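These notes concern the structure reproduced below.
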Amino acid sequence: MKKLCKFLWILTAVIIVISCCACKKNQGGILDLTYFNTAIHVETHDTPINNKTATEIKNVLQGLENRFDANKQSSLIYTFNHAIRDTEIDNLTEQDAEILQKVQLAYTLTDGYYNPTIYPLVKLWGFSPFTFTANFTPPTKEQINQTLPFIHFDKIVIDYQNKSLKKTDDFTKLDFGGIIKGYASDIVATVLKNAGHTSGYVNIGGSSLTLLSVQSLGIRHPLKAGKTILSVNTNGMHNLSVSTSGDYERFHIDTNGNKYSHLINPFDGYPTKTGIRSATIIGTDGAINDASTTALCLYQYKSNELNEFITRIIERYPDCMFFLVYDSDGVKEIYTNKKQGEDFTLQDTDYTVVNF
């Protein structure tokens, strides 16, 4: 229980700061829940959340958790992970298919840096809810090399026509943690909109956020607790999804003081050390945002590969904005496709803005 509580506490660190100064919050409502082993905060700024809407939100979240939590024995993911190769898991639902399509898209867009078969490495590095521990010893190179052959998305066979799923390797396992929170955030926001709400937000774990409408948006400083590194000029923007990933959210420290991020490179099997301390994307698809911010932290900073990925994202989602916070070897930069002053305000002047 202590392990799980500590894991939950780390997940609930607030990454995104929201303000709605023009609203009287006592006119709205607040709903605090816990699903996916993380805190969920739903807030409206126009009218209270009625019982019918609250129940629908809970049902949506419970349904997603029951279906996609790798640790729930009744879930699709648990069933898949414990199946032997070539065993068909059939009767996929329309929602299953929708999420699998987003997973495939995210994998393709990110060159495989977002890889849903990362679960064996997540478990090996002690970042699953039941392996997270304060007494951490990193895995050996041999253990990592033994695990890497299982981290291949091409070992997953999805048959949309026959609504089935199978794997070609007994040891390949799925983990949708890098995408499901953003998806859930968007679904809950849709429930709110269908109930007539026009102002407020859904915050899942502090890293996945869907905005109905807010006055301003601040991005948490990855190295200064309680501070924002920049604030985005929302200018009346609404119906947006925001995702942030960073190497400061969840990590291990070994007995020698070495820090190991939960963001693991699926190609070499090691936690990221790119110097990208956080990545934020503001766009229209929470699931793709979630996967993309994870991937952004794994690319080498300002590499051709990174720039090609960003180009693909912008081509597919022209209105999206991204912010990478880089801090390494004395270099402090904000890498973005937006203009300082016009689109955002820099709060920490130790950093230099570099435009994409």
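Rule-based calculations on the coordinates, nothing more; no lab input. Just so it is clear, the structure is predicted and the values come from calculations on it, not from any experiment. Quick reminder, even Gly has a Cβ in these numbers, built from the backbone with ideal geometry, and neighbours come from all protein chains shown.
Determine, for 353, 191, the number of other Cβ atoms within 10 Å of each Cβ, and report the residues in order from fewest to most.
Values: 353 16, 191 19.
In order of increasing Cβ crowding within 10 Å: 353, 191.
Which distance in Å, rounded to a whole number, links the C-alpha centroids of the stretch 151-192 and the stretch 306-337?
Going from one Cα centre to the other spans 26 Å.
How far is the Cα center of the stretch 226-249 from the Cα center of the stretch 73-94, in Å?
So the two Cα centres are separated by 35 Å.
Only counting other Cβ atoms within 10 Å, I'd like 94, 65, 43 sorted with the fewest neighbours first. Please list the in-between numbers first.
Numbers: 94 8, 65 18, 43 22.
Ranked by crowding around the Cβ, least crowded first: 94, 65, 43.
Let me know the charge dipole size of the chain about its Cα centre in debye, to the nearest 20, where only the beta-carbon of Lys, Arg (+1) and Asp, Glu (-1) is charged.
Details: 33 positive and 37 negative charges, 184 e Å.
My answer is approximately 880 debye.
Quick one: which of 224/273; 227/259; 52/166; 166/259; 224/338 span more than 29 angstrom between C-alpha atoms? Intermediate values should be presented prior to the final figure.
Values: 224/273 19 Å; 227/259 22 Å; 52/166 38 Å; 166/259 36 Å; 224/338 23 Å.
Flagged as over cut-off: 52/166; 166/259.
Arranged by the count of other C-beta atoms within 10 angstrom, fewest first, what order do 32, 69, 329, 170 take?
Values: 32 10, 69 21, 329 6, 170 14.
With the fewest neighbours first, 32, 69, 329, 170 line up as 329, 32, 170, 69.
Can you run the Rg to Rh ratio on the chain? Use alpha carbon positions and the Kirkwood inverse-distance Rh. Please report the intermediate quantities before stating the final value.
Details: Rg = 19.8 Å, Rh = 20.8 Å.
With Rg and the Kirkwood Rh in hand, the quotient comes to 0.95.
Give, in nm to one decimal, the length gained when the segment between residue 312 and residue 225 is fully stretched (0.36 nm per residue of separation minus the Cα-Cα distance). Before the final figure, lay out the partial values.
Numbers: separation 87, 0.36 × 87 = 31.32 nm, distance 3.28 nm.
Full-extension gain reported as 28.0 nm.
Given 123/167; 163/193; 181/302, which pairs have Cα atoms separated by over 21 Å? Don't skip to the end; give the middle numbers.
On the way: 123/167 19 Å; 163/193 30 Å; 181/302 27 Å.
Beyond 21 Å between Cα atoms: 163/193; 181/302.
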